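The values are calculated or read from the model by the stated rules, or taken from the named source; none is laboratory data. Remember, predicted model here, so these are calculated numbers, not experimental data. Cβ coordinates were reconstructed from backbone atoms using ideal geometry, including for glycine residues, and neighbour counts include every protein chain displayed.
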Amino acid sequence: MNLFSLILGVGGSIALLRTVQKTSAELRFRWLLAGLITMAGAILGARMVFAAAYQIYFSTHTQEIFRITMGGLSWPGALAGAILFAWLSLLVFRLPLIEGLDRLSQMLLPLATAIWLGGWQAGIAFGQLLPAGTWWGMMLRDESGLTALRVPVQPAAVVSLLLVLGLIEWLLRSTQKDGLKAAVSFFVLSLHCLLFSFMRYDSVQSMFGLRLDTWAAIFFTAFASLLLIMILFKKKKPITGIVSESE
């Protein structure tokens, strides 16, 4: 079995477990389906955006577009797909929308951590080469399999995600404001992606001097900021006609 796929599988399993925990028995299956659909949307979005970014190649290799096992996923596409399919799944299963996004946002920590761990193992999103003897560097490989002393981008991303997103979850564990957990988690993850996009040394397409993933991170950070502001200043209103945990 491919180790990258195994790592993502473990991360996905933990994400689903976090989604259904502390859920009433009658709604557990619906939350599980919502989590599965969210992850399916993330995979689909990741592949579609990757194919769009390399449309010249895929225009002559259309049969490979959906062959995810060959590799080629885009994190901006994964995040966009997850958000879209999470929203759709909550509507389809008549689950509380804003509270539902709070619950599904618990998937971000294990999934994002698994992606960086998988990238570390596969040599994806590697850092810049360092002079021999640099004490803080790590022997890491790139996509070609070459192992060398590099800036430890992937290990630093894993540790910082666990610390920052974990701290955010702990600080907001008792908040009564619907949507705040999702908005803050989305903002922190977007900002994290933005900061680490400047540390990556792998070759990707660029526009106006910045990597495409950097532009994507800027967009997501701005969008998350807007959502966060809206939620902070929005007054809570009673929601009717939607199944809640107490029903």
Residue within region 121-143 that is touching a residue at least 12 places away in the same chain (Cβ under 8 Å), more than 23 Å from residue 8 (Cβ to Cβ), in contact with an Asp or Glu (Cβ under 8 Å, 6 or more places away or on another chain) and not hydroxyl-bearing (Ser, Thr, Tyr) present: no
Helices (runs of 4 or more DSSP H) wholly inside region 38-133 containing at least 1 residues that are over 15 Å from residue 16 (Cα atoms) and of a type in the set (Ser, Thr, Tyr): 55-58
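What are the residues in region 60-104 that are among the charged types (D, E, K, R), surrounded by fewer than 17 Cβ atoms within 10 Å (Cβ to Cβ) and closer than 28 Å to residue 29 by Cα, if any? Show your work before the answer.
Of all residues in region 60-104, those among the charged types (D, E, K, R) come to 64, 67, 94, 99, 102-103.
From what is left, the residues that are surrounded by fewer than 17 Cβ atoms within 10 Å (Cβ to Cβ) are 64, 67, 94.
Within region 60-104, just 94 meets the criteria.
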Within region 28-59, tally of residues that are surrounded by 20 or more Cβ atoms within 10 Å (Cβ to Cβ) and either more than 21 Å from residue 143 (Cβ to Cβ) or of a type outside the set (Val, Ile, Thr) (or both): 12
Top-ranked residue of region 150-208 - restricted to ones that are touching a residue at least 24 places away in the same chain (Cβ under 8 Å) and charged (D, E, K, R), ranked as nearest to residue 140 (Cα to Cα): 150
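Take the conditions surrounded by 16 or more Cβ atoms within 10 Å (Cβ to Cβ) and of a type in the set (A, V, I, L, M) and apply them to residue 210. Does it pass?
On the way: surrounded by 16 or more Cβ atoms within 10 Å (Cβ to Cβ): no; of a type in the set (A, V, I, L, M): yes.
Considered against the rule, which asks whether it is surrounded by 16 or more Cβ atoms within 10 Å (Cβ to Cβ) and of a type in the set (A, V, I, L, M), residue 210 comes out as no.
Tell me which residues, restricted to region 141-155, are under 24 Å from the mean Cα position of the chain (by Cα) and within 22 Å of residue 194 (Cα to Cα).
From region 141-155, those under 24 Å from the mean Cα position of the chain (by Cα) are 141-143, 151-155; that's our starting set.
If the condition is that a residue be under 24 Å from the mean Cα position of the chain (by Cα) and within 22 Å of residue 194 (Cα to Cα), then 142, 143, 151, 152, 153, 154, 155 are the ones that fit.
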Residue match in region 214-236 (condition: without any contact (Cβ under 8 Å) to a residue 12 or more places away in the chain, exposed (fewer than 11 other Cβ atoms within 10 Å of the Cβ) and either touching a Pro at 6+ places or on another chain (Cβ under 6 Å) or not in a loop (DSSP other than H, G, I, E, B) (or both)): no
Within region 125-157, tally of residues that are among the hydrophobic types (A, V, I, L, M, F, W, C) and surrounded by fewer than 19 Cβ atoms within 10 Å (Cβ to Cβ): 11
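Determine whether residue 45 is within 27 Å of residue 214 (Cα to Cα) and within 15 Å of the chain's Cα centre (by Cα). Lay out the reasoning, then the answer.
Values: within 27 Å of residue 214 (Cα to Cα): yes; within 15 Å of the chain's Cα centre (by Cα): yes.
It is true that residue 45 is within 27 Å of residue 214 (Cα to Cα) and within 15 Å of the chain's Cα centre (by Cα).
Based on this model, can you work out whether residue 121 counts as polar (S, T, N, Q), within 27 Å of residue 168 (Cβ to Cβ) and either modelled with pLDDT under 95 or under 26 Å from the mean Cα position of the chain (by Cα) (or both)?
So residue 121 fits the description; yes.
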Which numbered condition residue 31 misses (of (1) assigned to a helix (DSSP H, G or I); (2) at pLDDT 90 or above; (3) out of contact with any helix residue (DSSP H, G or I) (no Cβ under 7 Å at 6 or more places or on another chain)): (3)
Residue match in region 152-173 (condition: assigned to a loop (DSSP other than H, G, I, E, B) and within 27 Å of residue 235 (Cβ to Cβ)): yes
